[in-house]
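Computed from the coordinates by the stated procedures, all read-outs in this text should not be read as laboratory data. Computed from a predicted structure; not experimentally measured. Neighbour counts are summed over all protein chains in view; Cβ atoms, including those assigned to glycine, are modelled from backbone coordinates with ideal geometry.
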Amino acid sequence: MLQVTNLTKRYRGLTALDNVSFHIQPGEILGYLGPNGSGKSTTVKIITGLLDPSDGEVRLHGRTLLDDPIAFKSSLGYVPEEPQLYTHLTGAEYLVFIARLRQIPFNSAVRRAADLLKLFQLHDARNSPMSTYSKGMRQRVLLASALLHDPQLLILDEPFSGLDVNAALLLRTLLETLAAEGKMILFSSHVLEVVEKVCSRVVILYKGKVVLQDSIENLKDSRSPDLQEVFAQVTQQEDYAPIASAILKAVRQ
């Protein structure tokens, strides 16, 4: 189980995260939501070891990052919001490189890379530099690289960005299959329709604090049949209809 307890992050007096706590059970896909600047990316960076918390802790199966950094990070697969790739490498070279960093033997690395490139419909571009890849192709490479070592916990930050309809359907099915096998998935996204379909439970942040944490089923029963409406309520979203009308008025004057 992933346990995040009283996680706090301060930057020179600014509190980006304020006592955030949640957990993910094996076999669960947790939706992690919030407006821009709410603390989602900060949380992800702390869990992956890219940032140190000011207070609080993260435990994976009872171990913290400080207990054994290599073992902790080897249990994670991470897809960041912005693709950070060595674009002078080909897709095949990049996946083998990542696999070797994960201490996967060379022959296994080559085989896994080839299999994943084919399954993610990148086989024809496997020997082309990633600088020639579209955004969606780079996103599929990132997804493949996050899965190479069969991680226990998968952390996804806007994973559907740039994917076409077919790739998005594949990813959704893949996430459901991974959860059925007992994997833990932290799914951070602005696409509420996808979160509603894929996730069993959601945590919503607002200004660095958890303002709602519940199952999708309970939210639909008690608040609204639409996750977007629930999100708007708890994050104090304003009524955008007058603004939309004002924009049209402005461009038509």
Exercise for the section: Just flag the chymotrypsin sites (Phe, Trp or Tyr not before Pro) in region 17-125 sitting in loop per DSSP whose Cβ has no more than 13 other Cβ atoms within 10 Å. Expected result: TYR86
Practice task
Tell me the trypsin sites (Lys or Arg not before Pro) within region 1-61 that lie in a loop according to DSSP and have at most 13 other beta-carbon atoms within 10 Å.
Solution key: ARG12
Practice task
Determine the shape class of region 1-43: with a ≥ b ≥ c the square roots of the Cα gyration tensor eigenvalues, call it rounded for a/c under 1.5, and otherwise prolate if a/b is greater than b/c, oblate otherwise.
Solution key: oblate
Handout entry: region 1-133: C-alpha gyration tensor shape, a/c 1.5 cut-off, then a/b vs b/c
Key = prolate
Handout entry: For the chain, the longest site-free run once GluC sites (Glu not before Pro) in DSSP loop states with at most 14 other Cβ atoms within 10 Å are removed
Key = 1-180
Completion exercise
Percent relative contact order for region 94-253, counting Cα pairs under 8 Å at least six residues apart, stands at 14 percent
Problem - Whether region 84-144 is rounded, prolate or oblate, judged on the alpha carbon gyration tensor where a/c under 1.5 counts as rounded - result: prolate
Exercise for the section: Filter the chymotrypsin sites (Phe, Trp or Tyr not before Pro) in region 187-253 down to the DSSP loop ones having no more than 14 other Cβ atoms within 10 Å, then list what survives. Expected result: TYR240
Problem - Net charge dipole size for region 1-136 [Lys, Arg +1 and Asp, Glu -1 on Cβ; Debye, nearest 20] - result: 240 debye
Handout entry: Spatial separation of Cα centroids for region 129-168 and region 67-123, in angstrom
Key = 11 Å
Problem - Hits among aspartates and glutamates - C-alpha to C-alpha of LYS40 under 13 Å, sequence gap 8 or more where chains match - result: ASP18, GLU81, ASP157, GLU158
Problem - Rounded to whole Hz, the Karplus (6.51, -1.76, 1.60) HN-Hα couplings of region 139-151, x for glycine and proline - result: 5, 5, 5, 4, 4, 4, 5, 6, 9, 3, 9, 6, x
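For the chain, what is the charge dipole size about the Cα centre, in debye to the nearest 20, if Lys and Arg each add +1 at the Cβ and Asp and Glu each add -1 at the Cβ?
Dipole size: approximately 620 debye.
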Completion exercise
Measuring from its Cα centre, region 84-144 shows a charge dipole (+1 at each Lys and Arg Cβ, -1 at each Asp and Glu Cβ) which, in debye to the nearest 20, is 140 debye
Practice task
Note the full-extension length gain between ILE247 and GLU81 as 0.36 nm times their separation in residues minus their Cα-Cα distance, in nm to one decimal.
Solution key: 56.8 nm
